[in-house]
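The values are calculated or read from the model by the stated rules, or taken from the named source; none is laboratory data. Computed from a predicted model, the values in this text were never measured in an experiment. Note that each Cβ is placed from the backbone with ideal geometry, even for glycine, and that neighbours are counted across all protein chains shown. In case anyone asks, the SASA skips ligands and DNA or RNA and just uses the protein heavy atoms, side chains included. Shrake-Rupley method; radii C 1.70, N 1.55, O 1.52, S 1.80 Å.
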Amino acid sequence: MFPYNYSIIRKNVKHTRIKVSENNSVRIIVPMNYSLTKINTIINEKEKWISKNLDYFSKRKTNHTPHFD
């Protein structure tokens, strides 16, 4: 179904929102009446964008090391 780091949140909203966080989690906020089939379709359509952002945060996390003098 969905990868472990995805969470689906049903809210009283008109449009779908996808949020990729620095901790590699993906939150998908959907209208209350969306079916799982429709949610899967959205995820498949946005898969490239989601992957790009997960990669960005992953690289950012590995390249961010504190420097102490």
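Out of the residues in the range 23-56 meeting the condition of being farther than 16 Å from Lys11 by Cβ and among the aromatic types (Phe, Trp, Tyr), tell me which one is farthest from the chain's Cα centre (by Cα).
Tyr56
What pairs come out if I take residues in the range 40-69 that are among the basic types (Lys, Arg) and pair them with residues that are surrounded by 10 or more Cβ atoms within 10 Å (Cβ to Cβ) and modelled with pLDDT of 90 or more whose C-beta lies under 8 Å away, six or more apart or interchain?
Lys46/Ile18
Go through the range 15-35 residue by residue and tally those that are farther than 13 Å from Asn5 by Cα and loosely packed, with under 11 Cβ neighbours inside 10 Å.
Result for the range 15-35: 4.
Residues of the range 1-58 being in contact with a Ser or Thr (Cβ under 7 Å, 6 or more places away or on another chain) and among the basic types (Lys, Arg), which ones?
Residue satisfying the conditions is Arg27 alone.
Check off (1) open to solvent by 60 Å² or more (accessible area, probe 1.4 Å); (2) at pLDDT below 90; (3) not in a helix (DSSP H, G or I) for Asp55 and give me the number that stays unchecked.
Result: Asp55 passes all but (3).
Just to verify a result, which residue in the range 58-69, among those that are more than 18 Å from Lys19 (Cβ to Cβ) and outside any loop (DSSP other than H, G, I, E, B), is modelled with the highest pLDDT?
Here the residue is Lys59.
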